[in-house]
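Read the structure below first, then the notes.
All of the numbers you see were taken from the coordinates with simple rules; none came from a lab. Note that the structure is predicted; figures quoted are calculated from it, not measured. Cβ placement follows ideal geometry from the backbone for every residue including glycine, while neighbour counts extend to all protein chains displayed.
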Ligand code: DGJ
């Protein structure tokens, strides 16, 4: 397809006092989606300035009136709103790019050269803006890939030069946003093992707030790369302007949010430059990670639905496909199993009615058997004592029984107690002259090394070649990078970046050969969840914390950014809630079990079996429908969340008591969302525990209008702490 220029030549009628050099004719570059616009202008100074990010204006040319409406003071530098600010010239704030040229000079000032767009398909458009320094042969190409229907923009930069020698890259962000406004509220997340996705909300004050990770491999353990900025006032579910952002990168990231003297917000997201300066040789190209953002002027709910749909349509592997329900053995056996035990778990898988048995950690290692987490990582041969007939016989047995078989791997890691470590000491990231320091008794392999990449690819490939029936991989990653040093790298500053690229190389090779095999992205819980990795994975493991009460909050927070089809939820024995509560919570995403099935009482087993049948009837709505958060667990006795299919014919509504105090419950109706106001819906309660009956009438037929205006009371209280309702449109 031919590239075409989309910029519009306009004249500024009015000029604010933010910049002096913008009084004459400029080129306006609007980057629009169905409801949003990101607007740039080329100033008289030939720099690319950011005018606007917000609701799309029907009258395209009125974007040129925006700047004139601001009277915020003097921008002395005249480059505060430059889109991709560089350091060393006029810029006074946090740069997106910092370099040292081949001659040692540290200045950069990028000027606009051209803009081109390419319609990739009906929905996707790519805009490329070329910027060049006028003194040095140094270029940055900014890319904006817009997904029209879902209002999502992906942006990144290609950095290149033709200087006489190498240019040192000190900072190399993906993009820069400059948001004009009065107040900005930031929601970001922190965590640790079993404490993932804990939200914090703060008014952004002057100075810099940086969200970042320096952990390398299990990069998001303390902070994930997702955040939201509410414009003007705090984010609300169904109203207000909000921008969601995230970096598509599975390693160290950094997002700088800087409120300047004019009260505008500069957002600079990118790969973290921490310990990562490197030399870019002449004629080579560095492509940054992609940064994605979406804007909604209809609150957080709309922004989530946009992002979730975008992820299903464009990013997550097989995002609109099917998923496998499963029985995992981690919580019921840990490392203590043998062939007989696994055989009986295969029978349990069959009896539960789920699709797949997932064999977790502990199946490998012979010189150093993996009987605990101190040994064996790296030696990916079945342990002969535990599994004398190897994996193959189990896969065969599962297949004969009509269940699928999946397996756990942690291929990026090595225990010092392993053959691999002794055979390839040079494959490990460590400082040779310093003592080794372990995270979960293990070290990280040097994925910058193609030989290591090849080794990891072969682990997976051999498993599939030897066991063509293998149907699922759980890919774990339990350690951070300490003592970062690679024997393979010629520039240590590239290590953290090349590690992630090395991981992606392996995943690309796996996907080229095994395009559809479902894989779970796991990292000692949710220690590495991002859209860079999710293009290779069908689902992610949010946390090892499966206490259902905890999960209600955690899944709630994940749901702002990730769709239910990708959120793996397992029923375990964590928490004090009844089995029904635990099962119902797991149903809100991709359901699995990780309980000792043989220990279940007959009614409990019956209930689990019936739940799988019920789940199979509603999973399509949960996986492929639109999600609406109805009532937050943070501020109510009852948390409520619903899914509606695309035709608005069927809805599933999950309700949970989250407050154990006397008299807590659903005292008022809960307003539903997303239904057709003109249709009538029959409401039923499903997934009742054997021997219990619903206290609801059972034959209520109410209009979508009623259900969304007045609401419906699920009658949740201490005796009915978890209630799932379905609403089916009645044919009129
Ligand atoms: C961490 C994962 O999050 C768990 O689910 C389990 O697979 C263990 N690793 C196994 O070591």
Exercise for review: Work out Dmax and Rg for segment 16-124 from the C-alpha atoms and quote the Rg first, both in angstrom.
Suggested key: 15.6, 49
Revision key, fill the gap. Once both label points are put 7 Å beyond Cα along the C-beta direction, the residue 372-residue 710 separation in nm becomes 6.3 nm
Point to revise | Per-residue Cβ neighbour rank within 10 angstrom, fewest leading, 227, 439 | key: 439, 227
Check your understanding: Hey, got the Cα dimensions of the chain along the principal axes, in Å, largest first?
Key -> 79, 69, 49
Revision key, fill the gap. Rounded to whole angstrom, the alpha-carbon centroid of segment 444-517 lies from that of segment 120-160 at a distance of 29 Å
Study note, to complete from the structure: Answer check: segment 627-729, Cα atoms, Kirkwood Rh, Rg/Rh ratio of 0.95
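Return the tail of the calculated pair distribution for segment 287-446, meaning the percent of Cα-Cα pairs more than 26 Å apart.
Value for segment 287-446 (Cα pairs over 26 Å): 50 percent.
When you have a sec, figure out the Kirkwood radius of segment 407-496 from all distinct Cα pair distances and drop it here in Å to one decimal?
14.0 Å
Suppose only helical runs count, i.e. DSSP H with n ≥ 4. What mean residue ellipticity at 222 nm does that imply for the chain under -39500 (n - 2.57) per run, divided by all residues and rounded to the nearest 500 deg cm²/dmol?
Details: 11 runs with 131 residues, N = 732.
Per the formula, -5500 deg cm²/dmol.
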Review point. What Kirkwood hydrodynamic radius do you get for segment 550-608 when you take the inverse of the mean 1/r over all pairs of distinct Cα atoms, in Å?
Key: 12.1 Å
Point to revise | Neighbour-count ranking [beta-carbon atoms within 10 angstrom, fewest first] of 284, 351, 721 | key: 284, 351, 721
Revision key, fill the gap. Once normalised by the length of segment 343-453, the mean sequence separation of its alpha carbon contacts under 8 Å that are 6 or more apart gives a contact order in percent of 26 percent
Study note, to complete from the structure: Quick P(r) readout (segment 554-676; Cα-Cα; 5 Å bins; whole %) gives 2, 10, 19, 22, 20, 16, 8, 2, 0
Point to revise | Rounded, prolate or oblate (a/c below 1.5 giving rounded, otherwise prolate when a/b exceeds b/c) for segment 229-346 by Cα gyration tensor | key: oblate
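Name the shape class, rounded, prolate or oblate, that the alpha-carbon gyration tensor gives for segment 445-558, where a ≥ b ≥ c are the square roots of its eigenvalues, rounded holds for a/c under 1.5, and otherwise prolate holds if a/b is larger than b/c and oblate otherwise.
Judged from the Cα gyration tensor, segment 445-558 comes out oblate (a/c at least 1.5, b/c at or above a/b).
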**Study point:** Size of segment 183-226 as Cα extents on the principal axes (Å, biggest first)
**Key:** 34, 19, 12
Check your understanding: Mean separation of Cα pairs under 8 Å and 6+ residues apart, divided by the residue count of segment 627-729: what relative contact order is that in percent?
Key -> 33 percent
Review point. In whole angstrom, how far apart do the alpha carbon centroids of segment 608-641 and segment 689-707 sit?
Key: 16 Å
Point to revise | Cα extents of segment 474-516 along the three principal axes, largest first (Å) | key: 35, 23, 14
Revision key, fill the gap. Classified through the alpha carbon gyration tensor (a ≥ b ≥ c as square roots of its eigenvalues; rounded if a/c is under 1.5, else prolate when a/b is larger than b/c, else oblate), segment 2-315 comes out rounded
Point to revise | Span from the segment 234-285 Cα centroid across to the segment 46-113 one, whole angstrom | key: 15 Å
Check your understanding: If one computes P(r) from the Cα atoms of segment 115-216, what percent of pairs lie at distances over 17 Å?
Key -> 71 percent
